[in-house]
Amino acid sequence: MRDPDGLIARAGVRGDPDRDQHFLIDDRVLDRLPTYLTEIDADTSHVLEIGGGTGALTDRLLAVADAVTVIERDRKLAAFLREEFADEIEDGRLTVVEGDALEVELPGFTASVSNLPYGVSSEITFRLLPESRPLVLMFQQEFAERMVAEPGASEYGRLSVSTQHYADVELVETIPKEAFSPPPAVQSAVVRLAPRDPEYEVDDEGFFLRFVKALFTQRRKTMRNAVRNTGHISRLADPDAVVDAADEDLLRKRPDAVTPAEFAALANLATDVSDRTDG
Ligand SMILES: C[S@@+](CC[C@H](N)C(=O)[O-])C[C@H]1O[C@@H](n2cnc3c(N)ncnc32)[C@H](O)[C@@H]1O
């Protein structure tokens, strides 16, 4: 395996926090990251890495994947990756895409392992999640804890529901700042997101996400009042009709005690009631 410090030296680029650049230099962490995919038997025929940096993780991914695509926005780093991994590119095992991961077209990947640029980690995650592929992603620890929080926990909120709507999530490892060069301001954590079994469906995905977001603006209220007070935010045609049709036990709970499946059932009921109101 390539030595991470050697890669940084050859690239001639010091990580720049203002450009979301914190390179992993801890070999043990780098070695473990791909195993979070292989231990769930994920399909590693085409692994996507967002933000390749100097390629320390790319190198590890090439050891387990048939093919890897890296998206890197920094022009100098993308040029370095093309030079450092010229053989792998020539063999057709690596593709380097120079561009913004929020804008470029995503390849048809089977899984992703990425040490995400923290400034856009949420946007990138919600670009990847609807693709229904196993993901192993690194986040700021506080963000990771909100993603995996369960109903009743103080961290449970809109981020937990919208993440767990797409995937079964697990915080698999926390990573100290010293594992990076330069060290970030806060601790990091690795989250594994495995596409969830479809135990429930939502009729209108956009409305569901809007509805959850609106209800969590009133997390101290009961669901009954939250639905009534936020109907205008989620563009609910008739909040009172939804309250009349909903389950009494659910209406007595607060949003932070409601599971993703319960939010989905209520959102479906709301779409149904509003279809009938419209009709
Ligand atoms: C946290 S570093 C991780 C680097 C490397 N994978 C590692 O683990 O050492 C994030 C990388 O993403 C790149 N980056 C930042 N914003 C990006 C964006 N919007 N799209 C693609 N790459 C981005 C940065 O230049 C940096 O190389």
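The values are calculated or read from the model by the stated rules, or taken from the named source; none is laboratory data. Values in this document were obtained by computation on a predicted structure and should not be read as measured data. Neighbour counts are summed over all protein chains in view; Cβ atoms, including those assigned to glycine, are modelled from backbone coordinates with ideal geometry. Remember, those area values only see protein heavy atoms, side chains included, never the ligands or the DNA or RNA. Shrake-Rupley method; radii C 1.70, N 1.55, O 1.52, S 1.80 Å.
Against the chain, whose longest principal axis comes from its Cα atoms, helix 205-215 is set at around 70 degrees. Residues whose amide H lies under 5 Å from that of GLY99, counting only those 5 or more places away or on a different chain, are GLU72, ARG73; hydrogens are built 1.01 Å from N in the peptide plane. Between the amide H of GLU49 and those of THR69, VAL70, ILE71, distances stay under 5 Å, these residues lying 5 or more places away or on another chain, with hydrogens modeled in the peptide plane. Check each of the trypsin sites (Lys or Arg not before Pro) in segment 32-98 and keep only those in coil by DSSP with at most 15 other C-beta atoms within 10 angstrom; list them in order. Taking segment 32-98 and a limit of 15 other Cβ atoms within 10 Å, the loop trypsin sites (Lys or Arg not before Pro) found are ARG93. In the chain, the longest principal axis of the Cα atoms and the axis of helix 223-234 are about 70 degrees apart. Counting only protein heavy atoms and a probe of 1.4 Å, the accessible surface of the chain is 44% carbon and sulfur. Remark: segment 147-206 carries a charge dipole of roughly 460 debye about the Cα centre, counting +1 on each Lys and Arg Cβ and -1 on each Asp and Glu Cβ. About its Cα centre, the chain has a charge dipole of approximately 1120 debye under the convention of +1 per Lys or Arg Cβ and -1 per Asp or Glu Cβ, with nothing else charged.
Across the chain, the relative contact order, built from alpha-carbon pairs under 8 Å that are at least six residues apart, equals 15 percent.
Under 5 Å between amide hydrogens, built in the peptide plane, is the criterion, and for ILE175 it picks out SER188, ALA189, VAL190 among residues at least 5 positions away or on other chains. With the convex hull of the Cα atoms taken as the outline of segment 160-273, the averaged projected area works out to 8.7 nm². Beta-bridge orientation, the chain: approximately 50 percent antiparallel, per DSSP, counting only bridges with both partners inside.
When the charge dipole of the chain is built from unit charges on Cβ atoms (+1 for Lys and Arg, -1 for Asp and Glu) and taken about the Cα centre, the candidate among PRO255, TYR200, LEU135 whose Cα reaches farthest toward its positive end is PRO255.
Given their separation in residues at 0.36 nm each and the Cα-Cα distance between them, ASP238 and VAL104 gain 44.3 nm when the chain is fully extended. Phi angles across segment 235-252 convert, under the Karplus curve 6.51 cos²θ - 1.76 cosθ + 1.60 with θ = phi - 60°, into 3J(HN,Hα) values of 6, 7, 5, 9, x, 5, 5, 5, 4, 4, 8, 7, 5, 4, 4, 5, 5, 7 Hz, Gly and Pro given as x. Please determine, in degrees from 0 to 90 and to the nearest 10, the orientation of helix 260-278 with respect to the longest principal axis defined by the Cα atoms of the chain, where the helix direction is its Cα long axis. The angle comes out at about 50 degrees. Couplings for segment 79-89, taken from phi via the Karplus curve 6.51 cos²θ - 1.76 cosθ + 1.60 with θ = phi - 60°, read 5, 4, 4, 5, 6, 5, 10, 4, 5, 5, 5 Hz in order; Gly and Pro are left as x. Judged by the mean number of other Cβ atoms found within 10 Å, the most tightly packed of the peptides 19-30, 46-57, 243-254 leads the ranking 46-57, 19-30, 243-254. Separation of segment 199-218 and segment 93-147, taken as the distance between their Cα centroids, equals 22 angstrom.
For the chain, the alpha carbon positions stretch 65, 35, 32 Å along the principal axes, listed from largest to smallest. Dividing the summed helix terms, -39500 (n - 2.57) for each DSSP H run of n ≥ 4, by the number of residues in the chain produces a 222 nm estimate of -12500 deg cm²/dmol to the nearest 500. Computed about its Cα centre, the charge dipole of segment 99-150 is approximately 140 debye, with only Lys, Arg, Asp and Glu carrying charge at their Cβ.
If R0 equals 51 Å, the separation of the Cβ atoms of ARG219 and THR38 corresponds to a calculated FRET efficiency of about 0.85. Loop-only check: which GluC sites (Glu not before Pro) in segment 137-246 are DSSP coil with at most 10 other Cβ within 10 angstrom? Counting only loop positions with at most 10 other Cβ atoms within 10 Å, the GluC sites (Glu not before Pro) in segment 137-246 are GLU199, GLU201. The ARG228 and GLU170 beta-carbon pair, evaluated with R₀ = 41 Å, returns a calculated FRET efficiency of approximately 0.70.
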